[in-house]
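Read the structure below first, then the notes.
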């Protein structure tokens, strides 16, 4: 299962030169991870509000390859590449829609914390459809 999101780079995502600011990619990736988790039946706000569970990022390896620019159409791919008892690792790529050129590629590892403690079985939160 994967998430594919498309959007256009907005002014607030760029620096003074019209190039996407590096932190914007991280914000977009968060959107992609939440979208993918929803496809697995996992709603972040319900976990937090009803079970006191949060899923913080604990590891991030990101490569900036090509800068997207103002009004470029980009595609964000998100998929799970590894799931252990205590963590979930995502592969995320942001590319230009027209050319397919990869702008940013990252692996992002998150864990589940319940009441401030690491959960020993993240599988209990995943309900595959």
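The values are calculated or read from the model by the stated rules, or taken from the named source; none is laboratory data. Just so you know, these numbers come straight off a predicted model, no measurement behind them. Because the Cβ atoms are built from the backbone with ideal geometry, glycine has one as well, and the counts that use them run over all protein chains shown.
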All positions within the stretch 45-66 that are at pLDDT below 95, assigned to a loop (DSSP other than H, G, I, E, B) and out of contact with any helix residue (DSSP H, G or I) (no Cβ under 8 Å at 6 or more places or on another chain): 52, 56
One residue from 75, 108 being surrounded by fewer than 18 Cβ atoms within 10 Å (Cβ to Cβ), closer than 20 Å to residue 4 by Cβ and touching a strand residue (DSSP E or B) at 6+ places or on another chain (Cβ under 6 Å): 75
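Condition check ((1) within 13 Å of the chain's Cα centre (by Cα); (2) in contact (Cβ under 8 Å) with a residue 12 or more places away in the chain) across all residues:
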| site | (1), (2) |
| --- | --- |
| 15 | no, no |
| 21 | no, no |
| 38 | yes, no |
| 43 | no, no |
| 50 | no, no |
| 53 | no, yes |
Cross-chain or 6+ apart pairs with Cβ under 9 Å, the stretch 64-84 first and on the phi > 0 side of the Ramachandran plot, then surrounded by 13 or more Cβ atoms within 10 Å (Cβ to Cβ): 71/9; 71/18
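In the stretch 9-44, how many residues are modelled with pLDDT under 90 and either loosely packed, with under 11 Cβ neighbours inside 10 Å or out of contact with any helix residue (DSSP H, G or I) (no Cβ under 7 Å at 6 or more places or on another chain) (or both)?
Going through the stretch 9-44, the residues modelled with pLDDT under 90 turn out to be 40-44.
Still in the list and also either loosely packed, with under 11 Cβ neighbours inside 10 Å or out of contact with any helix residue (DSSP H, G or I) (no Cβ under 7 Å at 6 or more places or on another chain) (or both): 40-41, 43.
Within the stretch 9-44, residues that are modelled with pLDDT under 90 and either loosely packed, with under 11 Cβ neighbours inside 10 Å or out of contact with any helix residue (DSSP H, G or I) (no Cβ under 7 Å at 6 or more places or on another chain) (or both) number 3.
Pull up the stretch 85-116, narrow it to residues that are in a loop (DSSP other than H, G, I, E, B) and in contact (Cβ under 8 Å) with a residue 12 or more places away in the chain, then point me to the one that is farthest from residue 32 (Cα to Cα). Before the answer, list the steps.
Going through the stretch 85-116, the residues in a loop (DSSP other than H, G, I, E, B) turn out to be 85-86, 97-101, 112, 115-116.
If we keep only those that are in contact (Cβ under 8 Å) with a residue 12 or more places away in the chain too, we end up with 85-86, 97-98, 101, 112, 115.
Details: 85: 22, 86: 21, 97: 16, 98: 20, 101: 18, 112: 17, 115: 25 Å.
Only one residue fits best here, namely 115.
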Selection status of residue 41, part of a loop (DSSP other than H, G, I, E, B) and closer than 20 Å to residue 3 by Cβ: yes
Conditions (1) loosely packed, with under 14 Cβ neighbours inside 10 Å; (2) in a strand (DSSP E or B); (3) within 13 Å of the chain's Cα centre (by Cα): number failed by residue 6: (3)
Residue identified as surrounded by fewer than 17 Cβ atoms within 10 Å (Cβ to Cβ) and touching a helix residue (DSSP H, G or I) at 6+ places or on another chain (Cβ under 9 Å) among 85, 117: 85
